[in-house]
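A.B. asks: One structure follows; several queries about it will come next.
Readers should treat all values here as calculations from the given coordinates under stated rules, not as data from a laboratory. Model, not experiment: these values are computed from the prediction. Here the Cβ is made from the backbone with ideal geometry for all residues, glycine too, and neighbour counts use every protein chain on show.
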Amino acid sequence: MEQGAEHDQRVMNLVAAAMRLPEDERSAFLERESRGDAELLAEARDSVEWEVRMGGFLREPLVTMPEMDRVFHAGQMVAGRFEIIREVGEGGMGVVYEAFDRKRNQRICIKTAKLGFRRALPPELEGALRVRHPNICMVNEIHTAQTPGGEVDFLTMEFLEGETLSRHLASHGRLSSEDALTVARQLCAALAEAHRSGIVHRDLKTGNIMVSRGAGGGLRAVITDFGLSGENSEFAGFGTARYMAPELWRGEKATKASDVYALGVVLYEMATGVGPGTIPAAPSSHAPGLGAQWDYLVMPCFAGDPAARPEAADLVVRAGRKPRSRVPAIAAAVFAGMAAIAAAIPAVRHAVMERLNPPSVRLVVLPLAGATERGGTREGALVEAAERMRRLGSARRTVAVIGPSDALGHGVRSAEDAGRVLGATHALATTLVRQEDEWKARSVIVDVKTKETVREFTGKYASLHLDDLAGALTGLVSAALHLDAPSRGEELNPAAGASYLAGMFLIRRDRRSYDDAIQMFELTERLDGRSPLPKAGMAEALIQKYQALKDRKWLDSAQRSVEAAQSVNPDSIRVLLVAGMLNQVAGRYEAALENYRRVQEREPRNTEALRRTAAVYDAMDMPDKAVSAYRKAIQLDPDFYAAYSELGVSYYYRGKYLEAAQAFRETIQRAPGTVQSYINLGAVMSDMGRDAEAEKALMASLRIKETHGALNSMGAIRYYQERYAEAAEFYQNAVGMDGRNFIYQLNLGDAWRRLGKAGAHDAYQRGMELALEELKQNPKRGYTRAFVGYFAARLGDRSRAKDEIEQALQSAPADVKVIRRAVLTYQALGEIEQAFDVMGNATPEVLGELGRHPDLAELRRDARFAQLTGKAGIQNGAR
Amino acid sequence: MDERPPEITQLLKQWRCGDAGAEARLFEVLMPDLHRIAASYFRGEREGHTLQPTALVNEGFLRLAAAKGVDWQDRGHFFVIAARIMRRCLIDHARARPEVQFLSLEGLPEGVLGQRGKLETALAIDGLLEEMGAEFPQRCSVVEMKFFLGMTDEEAADALGLSLHTLQREWYRARRWLFEKLNSDEVKPGQWNKAPNTTNAS
């Protein structure tokens, strides 16, 4: 009967949905939605029948529904004078209570952080106390209360009647144009006043605005929470993403200009009842009653360049103006309105025009129906098509293309899968049917959201000319999605098409088929020596061969292929990308950056080049630049998962676990079916000691697909729990799936050592060999060297262990994994002094993790350990 | 910071690893504290004033965490144990003071509600949970968290390390099991009617 979480989910979702329907519709609904799954239908039906029979049995808890994480509760007397009456609202981090001030005999509001969040209010709040304006919530004082959990700061504020603007909009829809204008004037004036006092709100949104109707019938709006959202985390604003100005996505600080952007979104929402979305249409296009004045008021707030946005004080003037004469037709008004703004303010022109562009495309090229991991020319045609479609990105539209091999790797076979698993917007489905000597191709582009066919295509191809299909499909996508034409100078002689496509398929399918791919590209080059494409493909296959075998000569061969490709067309994007890849692998980082810079010049909206740039910065140990490049990629297409995933990995290796976890959650949100995101989240959670969450994530990944990464991480969790036998079993399975990973060998060695097994030595020995092989190829990498040091320590070579660790620390002083490994190595050597020395440089996160490591029990007993972690705790609290 | 050994953390760890003795010991260690906290709330109870067991346990956790160095990571496990203790506290309290105002078990089918006081229902469920716990220990924890502690589905799933939907399915199964038992003749012959089936169209 136990069919796992997925089954539970299907049943419970069906039951919950059915229970919301009128009784007489439930049966038909269940029949339809169970889609022929008789077992599911029977189970859901049975559950619904029982739910009806049980009524609300036990649904209400014995005593009232309580709230977790609360500092105060109703009835409590706080600080000797404030009586908590009830909770009136909660945000992500804080809770608001209605209270009665016994000293002043008045109703007030109290705001406090939830348990587990910062207990102390941010210092910038002091400024907010000074602002006085009828449309800004008056903050009286900051108080401190003693609670069992320690000291907690709280704020007392003016008690406001009414409801939040977001709730008002949700229940009443958009404001009437008269109300909207009244509120707009109030909000603009309030923000202008705060900005005049030098106060930035940082988190302006409809949820932070209270509206109430006065005795005269007019609306009063009050902005709350000025200065309350500190800058404690880069991700602080992710919860309210739609109010975030583009520069905040890039990691820049909140400013008055970003407040103006947020105000623009608020005004837009209250006037139109909908959010502006990625490309705001003029407000007047949503609500015919709104004059062009609204377009004039709101649209400039969305300028991409903060300097181009009006100041809050300007908005007061704009909101105060009498509406100008109406522009007749709505469609004309939209364009005229926007064009007028664009023309009037040159700096805004670019931003407005950019927003007129259509939204990002995330296209999945689906594998051929019935495709397996084997394949050849036919599959290669799709691989090549995906490759060419990536080049369709233009100045107008950001395009991400996920090729058929990647799709298959994620188990994506249909348009529906593409949306569900990878968050795609479009899918290209192709069937190929053999008809005598020809292949009959039929392709459709489907809009994943609407499930509608955007465009269809059929064609016939001779077996040898299937590369024409790649060209045709590229054209199809380009025309259907309004993309620029493919770039020139990358043509291939038709005769060489078949072998080229087979080669492309092989290098994209996995990273082990390089020998076959090399053969295919050699053949292609003999048939067409003048195209850069087979040379670029050859170079990529050779890079794969080098990475697999770590023999320098393949890198040199790859270099020759790149040069040959450059001699044909040095500015071909495909050639630039492979050159960048080669330069990065060879450690010529500056040259790699130059290659990708050129790709970006040619394709400014290409996220691939940005993401690769970020990876190079990561390799160069320049985390700030890496993060900034990832953020730019995210900004180009906030809904595409790949950049979040890579950003998370980057954070992870810097020991920024909270940020990493957040980035992985963002990834899962956008691509819920990708195994790797769960594995990554599990690894971070495990490093933070949040075992339950880590296990949850890892088990989720294993349910999608068994991978050595997840097995290894599960092993690590068990190791930290000191359940060594179980840990060893997981590690053994990981090693069984991938015997060439020295980390798995290391972990297995550790677990066996703990269990007193003789195999530990062999595992360390094997790990040492693997690490040394890798080190030989890239001697500069401190990360690998640190592991060599650890293996040496475990194998009894003390002097080598010390030597390698010192070198590793020198070459990568900021790499937390190196620091961590160094501490563990010194511990293994019994060099406690040096272990503490190194720990002085560790981030609080790494210290926290080391504080739980079973191998460091001895270190923890030393008073210095508590001192270090104590200090880190303070640092942590101030972040 | 604190020189005392973090016994609760140790016990939670042992219990998590399946050491049944640790549970009994945890009860011993935690019961007096949680009971005292609970009792102080009951004493302050007034007309219309409602209890907040989760808040109460949370506070209990905070106090213990501060006093005895309990790890924050152990919060989920702590809740599993605390829910069981709260069940005992509430039941003990109810037995001692039968006039205690439990909130309405809204939506209980009329047949059931008419026959039984809320308190009696709670006591009956408490009795049945022993039986359930023997066969489905996890399901028993679910009832303790949902019914006695009033946790949300998300909180309970988190504390038990289950997926949200699995938790919801377990909760459904537990309710159904209890409902069937309560409506069977074994509990109290003659007092229980079958739930009215008249509204059940499907």
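A.B. asks: Take the alpha carbon atoms of the range A:678-695, find their center, do the same for the range A:183-203, and report the distance between the two centers in whole angstrom.
C.D. replies: Centre-to-centre (Cα) distance: 42 Å.
A.B. asks: May I ask you to evaluate 6.51 cos²θ - 1.76 cosθ + 1.60, the Karplus curve with θ = phi - 60°, for each residue of the range A:604-616 and list the ³J(HN,Hα) values in order in whole Hz, giving x for glycine and proline?
C.D. replies: With the stated coefficients, the range A:604-616 comes to x, 9, 8, 6, 4, 5, 5, 5, 5, 4, 4, 4, 5 Hz.
A.B. asks: Stretched out fully, how many nm does the piece from A:D862 to A:A42 gain, at 0.36 nm a residue minus the Cα gap?
C.D. replies: Extra length available between A:D862 and A:A42 comes to 289.0 nm.
A.B. asks: Right, something else. Extending each Cα 7 Å along its Cβ direction at B:L123 and A:K449, get the distance between those two points in nm, one decimal.
C.D. replies: 5.9
A.B. asks: Just from the alpha-carbon atoms, what are the Rg and Dmax of the range A:145-203 in angstroms?
C.D. replies: Rg then Dmax for the range A:145-203, in Å: 16.8, 50.
A.B. asks: Using amide H atoms built 1.01 Å from N in the peptide plane, name the residues 5+ places from A:A400, or on other chains, whose amide H lies under 5 Å from its own.
C.D. replies: For A:A400, the qualifying residues are A:V361, A:R362, A:L363.
A.B. asks: Could you derive backbone 3J(HN,Hα) for the range A:617-626 from the dihedral phi with the Karplus parameters 6.51, -1.76 and 1.60 (θ = phi - 60°), listing whole Hz in sequence and x where the residue is Gly or Pro?
C.D. replies: Couplings: 4, 4, 5, 7, 6, 10, x, 4, 5, 4 Hz.
A.B. asks: What order do you get for A:13-19, A:668-674, A:426-432 when each peptide is scored by the mean count of other beta carbon atoms within 10 Å, highest first?
C.D. replies: With the highest mean Cβ count within 10 Å placed first, the list reads A:426-432, A:668-674, A:13-19.
A.B. asks: Taking the Cβ-Cβ separation of A:I85 and B:D92 as r and a Förster radius of 30 Å, what is the calculated FRET efficiency to the nearest 0.05?
C.D. replies: 0.45
A.B. asks: Let me ask something else. Which entries of A:K696/B:K13; A:K780/A:K817; A:K205/A:K449; A:K625/A:K817 have Cα-Cα distances beyond 23 Å here?
C.D. replies: The pairs that break the limit, which is 23 Å between Cα atoms, are A:K205/A:K449.
A.B. asks: Give me a comma-separated list of calculated 3J(HN,Hα) values for the range A:855-867, in order, Karplus coefficients 6.51, -1.76, 1.60 applied at θ = phi - 60°, integers in Hz, x for any Gly or Pro.
C.D. replies: Once θ is set to phi - 60°, the couplings for the range A:855-867 become 6, 9, 4, 4, 4, 5, 6, 6, 4, 5, 4, 4, 4 Hz.
A.B. asks: Extending each Cα 7 Å along its Cβ direction at A:E6 and A:L772, get the distance between those two points in nm, one decimal.
C.D. replies: Going from the A:E6 label point to the A:L772 one covers 4.5 nm.
A.B. asks: Which FRET efficiency, nearest 0.05, do A:I142 and A:D762 yield, Cβ-Cβ r, R0 56 Å?
C.D. replies: Efficiency computed from Cβ-Cβ geometry: 0.35.
A.B. asks: Same structure again: What FRET efficiency do you get for A:E594 and A:D515 if R0 is 45 Å and r is their Cβ-Cβ distance, rounded to the nearest 0.05?
C.D. replies: 0.90
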